[in-house]
Amino acid sequence: MVRRSREQWIALFKEFEQSKNRASEFCRERNLCPRYFSKRKKQLGFDMQEKPVSKKLVKIKHTKPVDTLTKAISLQHAQTKITIPSSQSPEWVASLIKELAQ
């Protein structure tokens, strides 16, 4: 078995993402154990899509301000409240929620 540094594993994961191959094919081509490949990917935090974002629930409420032309999304957790214009892209809001949940 070949020992790899953290940087070498991350380079492999990036190469895997760019390859568009299935993990089993990628591992077979590079003589890697698919189970260990998956395990290291999760250990190093590179497997963000499969990792649960958070076990805490975040209440999201669509608010209607006094001015009906501008709508906002309010995110509230405990004593913290964030208001975001509803014109913000859903992808940006989703990435914000993921970052806050970490």
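The label point for residue 30 and the one for residue 44, both projected 7 Å from the Cα toward the Cβ, are 0.8 nm apart.
Of 20/42; 41/61; 71/98; 14/98; 14/81; 41/71, which pairs sit farther than 30 Å apart, going by alpha carbon to alpha carbon? Mind showing how you got there, number by number?
Details: 20/42 19 Å; 41/61 34 Å; 71/98 22 Å; 14/98 21 Å; 14/81 36 Å; 41/71 40 Å.
In this structure, 41/61; 14/81; 41/71 exceed 30 Å between Cα atoms.
How long is the gain from residue 4 to residue 60 if the chain were fully straight, where each residue apart is worth 0.36 nm and the alpha carbon distance is subtracted?
That works out to 15.9 nm of additional length.
Values quoted throughout were computed directly from the atomic coordinates according to the rules given, and no laboratory measurement underlies them. Here the structure is a predicted model, which means the values were calculated and not measured. Note that we place each Cβ from the backbone using ideal geometry, even for glycine, and neighbour counts take in every protein chain shown.
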